[in-house]
Amino acid sequence: MSLQNFISEAISPWMKNEGPDADIVLSSRVRLARNLNNTPFPLAASKENLEAVIKLAEEKFANRTHRKFGNLELLKMEDMKQNEKRVLVEKHLISPNLSDESKAGAALLSEDESLSIMINEEDHIRIQVLLSGFQLDQSLKYANEIDDWMEEKADFAFDEKRGYLTSCPTNVGTGLRASVMMHLPALVITRQMNRILPAINQLGLVVRGIYGEGSEALGNLFQISNQITLGKSEDDIVEDLRSVVIQLIQQERAARESLLQESKLQIEDRVYRSYGILSYSRNMESKEATQRLSDVRLGIDLGLIDNVSGNILNELMILTQPGFLQQYAGEILSPEQRDQRRAALIRERLKLEKDK
Amino acid sequence: MLCQECQQRQATLHFTKIINGKKTEFHICDVCAKEKGEYIPGSNSFSIHQLLSGLLDVNFSAGAGEVKKPPQELKCKNCGMTYQQFAEIGRFGCADCYETFNPKLDPIFKRIHSGNAVHGGKIPKRIGKDLQVHRQIEQLKQKLQEAVTNEEFEHAAELRDNIRSLEKSLQDKKEG
Ligand SMILES: [Zn+2]
Ligand SMILES: [Zn+2]
């Protein structure tokens, strides 16, 4: 398969649309946790219990045309190969937990992959809407629609005092986890993140670095999400997160501006160095790839590099992960082979841009 | 920022926990988080064991001078989970566990959710119809109280009629 075809098939359709503020917010996600009233939660349920939940999903929700998301396809974990599941994890459509731990897990996916409903993860049902750019409100709206649609046909565990009952006490109430993935290179380069992180925590939000194969925060990518699910309304939870994200966007923009004014040469050198290394290396660990891709993306956003498309960071971040490399190669690869394949894939991908 | 545990790797997890009523910030690396089994919101791979064990101590230490009775074991009739098991794994076994462990849950929820223990969000449309009416009635009763205090008697009479008709609709539904 040609690289171009592989990419267009591999990348989730929702990723191809550039959302608002996509130069800083790569994606927005809303997840709602729900459980059935009369079945023990997956942790305590028997395999028969869980198979009954999948059956319910299959009969009531699979292959039904939903007016926004179209047809939903049901994938059972037990029917899938290890690497197929890994690819879904790398696309953030299912969790590692569903892929590897569930006694009887499944997922309902929409055609554009912006909606995924995990069945028998930690909770019976986890609705997830994933959109490109800064679209938290829209994500919540869609997730709520799917929730209402499912509630017509399934009896959810709900208590007037505690709200939606979840397996873990950290999700009870709304069952809502809203998050954004942000690219904040200028705030990191100008050493402002250390000052900003504690302030964000004060507001009841959680920040975590995104990692590749290693264990460090990589690529100046940060996931910011709500910590509290009980006691506040869904709208308030999302609004609190949204207002912090707006401030972060402003601060990142200001930091980028000052980088251009005060150290243009250094920044230009840094982004072009990374561009050169990505264009010509023969061996590339995921950690370095992520950092270099972050530099090139910054170069594009600052207008210093103008012949490469902006979504290359999001795209290659996903495509250079082990599952995708193995899918493209058509075989299981050792870590050394992956590093070579990764370098080759990035070179070819950048070459596609030059040939455009 | 370096991890506050090992001081070697970059901290990748940043969150606050409320410990003894005080907000404390944590900045730790992935490796240390895994080793410690540290509680991380939104993550499945870690348990909140430590957090809950901490709470158990709080719950069992009765006030000074009081005779300490051995805590009675709570056990969910539906799924068989005991409170001890719940505290160890940090997960409920089923919806009924919430009812069974209810007397102990307020402090746990308050600690996790910044002082909140009562739901303030969405109510499911179908099974929640009655609940929605109940909540509406509660709100109207509060307004009625205010109206009476402010001597707005016309308004109060209006509110009272609204409450009556909502209560009647619930009653009719039960009988119908
Ligand atoms: Zn550490
Ligand atoms: Zn139970």
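Do you know which residues across the stretch A:319-333 are aliphatic (A, V, I, L, M) and surrounded by 19 or more Cβ atoms within 10 Å (Cβ to Cβ)?
A:LEU319, A:LEU325
Among residues belonging to the stretch A:156-178 that are more than 7 Å from every other protein chain (Cβ to nearest Cβ) and in a strand (DSSP E or B), point out the one that is farthest from B:HIS134 (Cα to Cα).
Only one residue fits best here, namely A:ALA178.
What is the residue count in the stretch A:300-344 for residues that are over 11 Å from A:ASN83 (Cβ atoms), outside any helix (DSSP H, G or I) and acidic (Asp, Glu)?
1
If we keep just the residues of the stretch B:125-149 that are in a helix (DSSP H, G or I) and either of a type in the set (Lys, Arg) or in contact with a Pro (Cβ under 7 Å, 6 or more places away or on another chain) (or both), which is farthest from the other protein chains (Cβ to nearest Cβ)?
Per the criteria, the residue is B:LYS143.
Of everything in the stretch A:96-119, what is touching a strand residue (DSSP E or B) at 6+ places or on another chain (Cβ under 7 Å) and within 14 Å of chain B (Cβ to nearest Cβ)? Give them in sequence order.
A:LEU98, A:GLY105, A:MET118
Just wondering, is there one or more residues in the stretch B:54-75 that are away from ligand 1 (no atom under 16 Å from the Cβ), surrounded by 13 or more Cβ atoms within 10 Å (Cβ to Cβ) and at pLDDT 65 or above?
Yes, there is a match, as at least one residue in the stretch B:54-75 is away from ligand 1 (no atom under 16 Å from the Cβ), surrounded by 13 or more Cβ atoms within 10 Å (Cβ to Cβ) and at pLDDT 65 or above.
Can you find even one residue in the stretch A:7-26 that is more than 16 Å from ligand 1 (Cβ to nearest atom) and within 13 Å of chain B (Cβ to nearest Cβ)?
No: the stretch A:7-26 contains no residue that is more than 16 Å from ligand 1 (Cβ to nearest atom) and within 13 Å of chain B (Cβ to nearest Cβ).
Tell me which of these A:PRO185 doesn't satisfy, since it passes every other one: (1) more than 8 Å from chain B (Cβ to nearest Cβ); (2) touching a residue at least 12 places away in the same chain (Cβ under 8 Å); (3) within 24 Å of A:LYS68 (Cβ to Cβ).
It fails just one condition, (3).
Determine whether A:ARG256 is over 18 Å from A:LEU313 (Cβ atoms), among the basic types (Lys, Arg) and in contact with a Leu (Cβ under 7 Å, 6 or more places away or on another chain).
no
Scan the stretch A:231-242 and give yes if some residue there is among the polar types (S, T, N, Q) and in contact with a strand residue (DSSP E or B) (Cβ under 7 Å, 6 or more places away or on another chain), otherwise no.
There is no residue in the stretch A:231-242 that is among the polar types (S, T, N, Q) and in contact with a strand residue (DSSP E or B) (Cβ under 7 Å, 6 or more places away or on another chain).
Considering only the stretch A:69-90, state which residues are touching an Asp or Glu at 6+ places or on another chain (Cβ under 7 Å) and either surrounded by 14 or more Cβ atoms within 10 Å (Cβ to Cβ) or within 24 Å of A:ALA44 (Cα to Cα) (or both).
A:LEU74
If I ask for residues that are in a helix (DSSP H, G or I) and under 28 Å from A:LEU140 (Cβ atoms), which ones from the stretch A:60-84 would you list?
Those that are in a helix (DSSP H, G or I) and under 28 Å from A:LEU140 (Cβ atoms): A:LYS60, A:MET77.
What are the pairs, 6+ residues apart or on separate chains, where a residue within the stretch A:13-42 that is free of Cβ contacts under 8 Å to residues at least 24 places away in the same chain has its Cβ under 7 Å from a residue that is among the polar types (S, T, N, Q)?
Going by the 7 Å Cβ cut-off, the qualifying pairs are A:PRO40/A:ASN49.
Output the residue which, of all residues in the stretch A:43-57 that are more than 14 Å from every other protein chain (Cβ to nearest Cβ) and in contact (Cβ under 8 Å) with a residue 40 or more places away in the chain, is nearest to ligand 2 (Cβ to nearest atom).
A:LYS47
Mind checking whether some residue in the stretch B:83-92 is on the phi > 0 side of the Ramachandran plot and out of contact with any Pro (no Cβ under 9 Å at 6 or more places or on another chain)?
no
Pick out, from the stretch B:75-124, the helices (runs of 4 or more DSSP H) lying fully within it that include 2 or more residues that are under 18 Å from A:GLY175 (Cα atoms), touching a residue at least 24 places away in the same chain (Cβ under 8 Å) and at the interface with chain A (Cβ under 9 Å from one of its Cβ atoms).
Filter on the stretch B:75-124 gives B:102-112.
Quick test of your reading of the structure: A:LEU278 fulfils all but one of (1) hydrophobic (A, V, I, L, M, F, W, C); (2) more than 19 Å from A:ILE24 (Cβ to Cβ); (3) out of contact with any helix residue (DSSP H, G or I) (no Cβ under 6 Å at 6 or more places or on another chain). Name the failing condition by number.
Going through the list (1) hydrophobic (A, V, I, L, M, F, W, C); (2) more than 19 Å from A:ILE24 (Cβ to Cβ); (3) out of contact with any helix residue (DSSP H, G or I) (no Cβ under 6 Å at 6 or more places or on another chain), A:LEU278 breaks only (3).
The values are calculated or read from the model by the stated rules, or taken from the named source; none is laboratory data. This one's a predicted model, so the numbers in the text were calculated from it and none came from an experiment. Using ideal geometry, Cβ is built from the backbone for each residue, glycine included, and neighbour counts are taken over all protein chains shown.
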